[in-house]
Amino acid sequence: MRTVPVPEKAILFYLIFHYKHPLVQFLIYCRENMTLIIFFMFIVWFLGSIVIWTLINGISPMPTSSKALLKIQEILPDVNGPIYELGSGWGTLARMLSRKYTHQQVIGYETSFFPYWISRLFCSQNNVTLERKNFFKVDLSKATLIVCYLYPGAMRQLKEKFTKELKPGTHIISNTFGIPGWIPKQVCEVDDIYKTKIYRYEI
């Protein structure tokens, strides 16, 4: 008896609709739930990126709270020149600074992938420039105002950089963490559960 070859498509059809192998069932599930799987993979990628850049930078990209933002607005000095935000995160401070200083250039530096691109998406003001750079490697000598929300280790490193690069009269405002050994010109307390401190310095 001569054997009649079975078309490959027919075999595949039989496997998908009749054969109850776990792998086939898994492939069917994936096909039916592709949107959910893609969304789940994006969440894993998003969270993984945040964790990796948190380990690299030494701090997670935390947005400035609304109360801290209002307190910073209260003590912003009058300046005439570039304003730098070190660690611009999700763009919360950069947007506020651009509205306050409409005729000055606001430059934010951020290395974390997702916060940087999300801030680029929402910071549409003409006087805002966001760059994916390590601010420790950026020349700060043109700054008239520096704003940051970092961590103690970064403030210790910036102390030397500020001393070398900033010109007299430059203002520094730091959320939560002061510059070790420097006496602030002003310290404000935010009305929140942490009693957050806002430090203002002048070179």
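We did not get these values from a lab; they are worked out from the coordinates using the rules stated. Note that the structure is predicted; figures quoted are calculated from it, not measured. Glycine gets a Cβ as well: all are built from the backbone with ideal geometry, and neighbour counts include every protein chain shown.
Observations on the structure shown:
- The amide H of LEU150, built 1.01 Å from its N in the peptide plane, has ASN175, PHE177 as neighbours under 5 Å, considering only residues 5 or more places off or on other chains.
- Total formal charge among the other residues, if their Cβ is under 14 angstrom from that of GLN157, Lys/Arg +1 and Asp/Glu -1: +3
- Of TRP182, TRP90, the sequence from fewest to most neighbouring Cβ atoms within 10 angstrom is TRP182, TRP90.
- The slack in the chain from PHE114 to TYR151, taken as 0.36 nm per residue of separation less the alpha-carbon distance, amounts to 11.3 nm.
- Proportion of all alpha-carbon pairs of the stretch 61-165 beyond 24 Å (%): 16
- Nitroxide proxy distance, nm - points 7 Å out along Cα→Cβ at ILE183 and LYS195: 2.3
- With N the number of residues in the stretch 114-201, Rg(Cα) / (2.2 N^0.38 Å) evaluates to 1.19.
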